[in-house]
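Engineer: Have a look at the structure that comes next, please.
The values are calculated or read from the model by the stated rules, or taken from the named source; none is laboratory data. Values in this document were obtained by computation on a predicted structure and should not be read as measured data. No Cβ is skipped: glycine too gets one built from the backbone with ideal geometry, and neighbour counts run over all protein chains shown. Note: areas computed on protein heavy atoms with side chains; ligands, DNA, RNA excluded. Shrake-Rupley method; radii C 1.70, N 1.55, O 1.52, S 1.80 Å.
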Amino acid sequence: MDTKTKIEILQKRLNILCTREKKNAGAQRKIRREIRNLEKTLSENPQEPQLSENSEAIS
């Protein structure tokens, strides 16, 4: 799964948690931190190399 997809999924989860009336500040904080770290990774590395599951290292 690529980074953009992970960010979208986390944002959807965060949106759901924000609309609930339960106390879930800890979970929201954790998801926001994950999103922030993924966005930072994405901005530092805009072109992630796509490795297939069957690829082998060349020595």
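Engineer: At a 1.4 Å probe radius, which order do Thr19, Thr3 fall into by accessible area, largest first?
Structural biologist: Greatest to least solvent exposure: Thr19, Thr3.
Engineer: Efficiency by 1/(1 + (r/R0)^6): what FRET value for Ile16 and Asn45, r their Cβ-Cβ distance, R0 = 25 Å, to the nearest 0.05?
Structural biologist: So, using R0 = 25 Å, E works out to roughly 0.30.
Engineer: For Lys22, which lysines qualify as cross-link partners when the Cα separation must be under 25 Å and same-chain residues fewer than eight apart are set aside?
Structural biologist: Correct list for Lys22: Lys6, Lys12, Lys30.
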